[in-house]
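Structure, as structure tokens:
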Amino acid sequence: MVAIIGILTAILVANYNQARQNSRDKIRKSELKELQLSLELYKAQNSSYPANLSLLVPTFIASVPTEPGGGNVPYTYTSNGSSYKALTDKVESLYITSFDDEFAKCPRQGANCTSVSAIQNVYAVYSSGAEDW
């Protein structure tokens with residue numbers, strides 16, 4: 001009886017951990033989309049993308065997103081003023097499986113993105129011209 005309860009507990013804990021990872025990945029995707037919208041609004045008002053994400057606060061976004069569950073900011077942001085890329089490499093379980101995924105680091109094979117396996121644990125949003133950064 002104790003062994004059966006132990007096995008069931010192990011199965012439940014594994015499923016719970018997977019659900020928590022999926023939840024954190026969905027939060028990362030949602031925050032990236034929010035950043036993307038904020039960046040486009042910033043550009044519409046200022047004619048260029050910000051040099052860093054803190055320039056979005058508080059007018060375009062309430063605060064710069066932090067790691068779900070605590071920790072450092074999981075996003076890398078790069079901009080030259082006319083293009084930008086924001087990405088996270090903290091993906092835990094909801095991996096990119098195709099270049100057609102809207103969060104794929106690159107929209108196509110080539111340059112810095114030679115295979116899907118190279119991008120599967122990275123979510124990114126970017127403007128035109130920043131695909132291969």
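Annotations for the structure displayed:
- All conditions in (1) within 23 Å of residue 132 (Cα to Cα); (2) touching a helix residue (DSSP H, G or I) at 6+ places or on another chain (Cβ under 8 Å); (3) at pLDDT below 90 hold for residue 50, with the sole exception of (3).
- Single residue of the range 80-103 satisfying the filter (surrounded by 17 or more Cβ atoms within 10 Å (Cβ to Cβ) and among the aromatic types (Phe, Trp, Tyr)) that is farthest from residue 54 (Cα to Cα): 103
- Output for the range 85-133, where each listed residue is assigned to a strand (DSSP E or B) and modelled with pLDDT under 85: 110, 113
- Near pairs, Cβ below 7 angstrom, 6+ apart or cross-chain, from the range 108-131 (farther than 22 Å from residue 79 by Cβ) to any residue that is hydrophobic (A, V, I, L, M, F, W, C) and at pLDDT below 85: 109/99; 116/99
The values are calculated or read from the model by the stated rules, or taken from the named source; none is laboratory data. Remember, predicted model here, so these are calculated numbers, not experimental data. Cβ atoms come from the backbone with ideal geometry, glycine included; neighbour counts cover every protein chain shown.
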